[in-house]
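Any read-out appearing in this document is the output of simple, stated calculations on the displayed coordinates, not a laboratory observation. Owing to the predicted nature of the structure, the values given are computational and were not obtained by experimental measurement. Virtual Cβ from ideal backbone geometry, glycine too; neighbours counted across all protein chains shown.
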Protein chains: 2
Amino acid sequence: MTYCVGMMLDRGLVFMSDTRTNAGLDNISTFRKMTIWEEPGERLITLMAAGNLATTQAVVSLLDERSKSPADRQPSLMAAPSMFQAAGMVADTLREVIANHAETGQRADSTFNATLILGGQIKGGPPRLFLIYPEGNFIEAGTDTPFFQIGETKYGRPILVRAYDPEMRFEDAMKLLLVSFDSTLKANLTVGAPFDFHLYETDSFKTGPRGRIELEDPYFRSISQGWGDALKEALDSLPAFSFDG
Amino acid sequence: MTYCVGMMLDRGLVFMSDTRTNAGLDNISTFRKMTIWEEPGERLITLMAAGNLATTQAVVSLLDERSKSPADRQPSLMAAPSMFQAAGMVADTLREVIANHAETGQRADSTFNATLILGGQIKGGPPRLFLIYPEGNFIEAGTDTPFFQIGETKYGRPILVRAYDPEMRFEDAMKLLLVSFDSTLKANLTVGAPFDFHLYETDSFKTGPRGRIELEDPYFRSISQGWGDALKEALDSLPAFSFDG
């Protein structure tokens with residue numbers, strides 16, 4: 001499994017992904033699941049992937065090859081005139097890769113599946129965020145549903161639902177996401193640190209603050225330890241149940 | 001789906017179950033998923049069920065019939081000499097019901113599956129808590145894993161992991177469980193109010209405080225509304241992320 005979150009804020013887009021991949025509990029590895037394509041001043045596209053690693057790596061490699069030599073192969077992500085069309089290209093590539101693998105006669109083609117989060121901005125349009133399904137269709141985030149999760153989404157969802165605020169600063173968004181990732185990490189072995197992040201500032205058309213949070217990162221440790229205490233205090237602050245009604 | 005939690009505390013056992021059943025999103029109903037067998041001064045057994053409703057109702061009816069006329073049918077839950085043997089009887093009954101349905105030639109026998117939480121105390125032994133699998137085997141809660149969840153367990157797990165304390169009062173356990181149920185409710189339509197609860201006090205050998213919490217219950221509403229604010233305050237109390245490292 002995997003855990004990735006893409007979030008729309010008033011000031012930009014926030015991406016965070018874990019790095020755990022597994023083929024059984026006895027076979028875990030670390031892989032980057034976040035890819036960034038950039039043409040400074042023109043476009044910035046971030047992709048995160050959950051699902052079959054062979055599928056998602058093939059999708060990224062194909063998109064990458066086509067971007068680097070746009071003369072050879074069309075269409076290219078770096079030539080897409082809008083985020084909508086970029087999402088369409090990525091979705092088509094995903095469907096193509098899954099179909100290629102499924103054609104070998106393998107029955108359980110669901111094991112080749114992957115789900116993607118694509119976000120970014122192309123000059124002339126606003127920042128947009130998409131969730132792309134293995135079937136090759138996709139949906140877009142809006143003010144009603146301003147964030148997407150893929151992979152092991154359930155543990156970390158309640159805190160996002162409760163604390164998300166479109167006006168939040170990037171620093172607070174990072175804090176919120178690290179709490180959401182920490183809750184997931186604590187409950188599920190298929191999600192693992194380090195966590196990659198990228199924060200895209202609206203209309204900057206370039207890579208924003210990005211990096212990797214290790215398990216031993218002092219800030220992450222303070223969040224992880226502090227959150228347990230803060231939750232207990234939050235519980236304490238609520239009125240006690242009374243059996244007298 | 002369903003959400004049930006059974007929890008071992010120093011002072012006794014706590015049970016809470018939702019009441020939502022569904023056969024598709026367009027066909028939801030309310031059913032009690034908690035059953036209590038009592039012989040005051042002698043034994044108290046509580047069962048909660050998640051999974052196929054026909055299966056879990058059949059299990060309860062069979063156990064019930066056998067308990068009421070122990071002369072006719074053996075073995076009876078009311079005659080079990082220990083909680084371990086009671087768990088074995090329930091597990092055998094569950095396996096029997098699933099096997100009966102599967103024998104009809106129906107392929108997808110997993111759809112008949114159910115998972116149970118059984119807890120209680122029989123004179124001569126301590127309170128014990130079991131998780132019973134559809135295969136008819138079971139595990140017991142201990143100090144390392146002092147609570148079991150069945151059904152839609154993921155959303156409500158982080159708060160339990162963080163805030164559970166074996167020394168907590170029943171009133172605080174109720175508050176904790178209602179927060180866990182509220183988090184699940186907010187994220188998943190297959191879990192629904194009202195919630196049934198039962199608190200068994202160690203060595204009382206009788207039904208303890210029990211009841212049903214409706215969605216409109218003023219206390220539940222105060223918890224549900226207060227929890228969002230309390231979470232935000234908890235987040236605020238943590239140090240902010242800094243991009244300067």
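So the values come out like this:
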quantity: Estimated Rh, chain B: Kirkwood, alpha-carbon pairs, angstrom; calculated: 18.9 Å
quantity: Debye intensity ratio I(q)/I(0), log10, segment B:157-226, q values 0.22, 0.23, 0.27 Å⁻¹ (C-alpha model); calculated: -1.07, -1.14, -1.35
quantity: Length added when fully stretched, B:SER82-B:SER204, from 0.36 nm per residue minus Cα-Cα; calculated: 42.3 nm
quantity: Candidate lysines for bridging to B:LYS232, where Cα separation is under 26 Å - those fewer than 8 sequence places away on the same chain excluded; calculated: A:LYS154, A:LYS175, A:LYS186, A:LYS232, B:LYS154, B:LYS175, B:LYS186
quantity: B:LYS232-B:LEU189 FRET efficiency (beta carbon distance; Förster radius 25 Å; 0.05 resolution); calculated: 0.50
quantity: Average beta-carbon neighbours from other chains, 10 Å sphere, peptide B:149-157; calculated: 4
quantity: Global geometry of segment B:22-69, whether rounded, prolate or oblate, following the gyration tensor of its Cα atoms and the 1.5 cut on a/c; calculated: prolate
quantity: Gained length - A:ARG32 relative to A:ASN100, 0.36 nm times residue gap less alpha-carbon distance; calculated: 22.1 nm
quantity: Dmax and Rg, reported as Rg then Dmax, of the protein assembly as shown (C-alpha, Å); calculated: 25.4, 86
quantity: Relative contact order of chain B, pairs being alpha-carbon contacts under 8 Å that are 6 or more residues apart, as %; calculated: 27 percent
quantity: 222 nm mean residue ellipticity, helices alone, for chain A (DSSP H n ≥ 4; -39,500 (n - 2.57); rounded to 500); calculated: -11000 deg cm²/dmol
quantity: Per-residue average of Cβ from other chains inside 10 Å of B:172-183; calculated: 3
quantity: Listed peptides A:235-244, B:181-190, B:3-12 by packing density, highest first (mean Cβ within 10 Å); calculated: B:3-12, B:181-190, A:235-244
quantity: Rounded to whole Hz, the Karplus (6.51, -1.76, 1.60) HN-Hα couplings of segment A:116-124, x for glycine and proline; calculated: 10, 10, 10, x, x, 8, 10, 3, x
quantity: Per-peptide average of other Cβ atoms within 10 Å, ordering A:35-46, B:162-173 highest first; calculated: A:35-46, B:162-173
quantity: Set of aspartates and glutamates near B:LYS33 by C-alpha distance (under 18 Å), chain-local residues within fewer than 8 positions excluded; calculated: B:ASP18, B:ASP64, B:GLU65, B:GLU152, B:ASP182, B:ASP196, B:GLU214
quantity: Shielding by other protein chains, A:223-231, mean Cβ within 10 Å; calculated: 5
quantity: Under the span-like rule (Cα at least 15 Å along the axis, Kyte-Doolittle mean at least 0.5), DSSP H helices of chain B; calculated: B:170-187
quantity: Set of segment A:141-159 residues, backbone N closer than 16 Å to the point 7 Å along the Cα-Cβ line of A:ASP10; calculated: A:143-144, A:146
quantity: Prolate/oblate/rounded call for segment A:1-91, Cα gyration tensor, a/c under 1.5 rounded; calculated: oblate
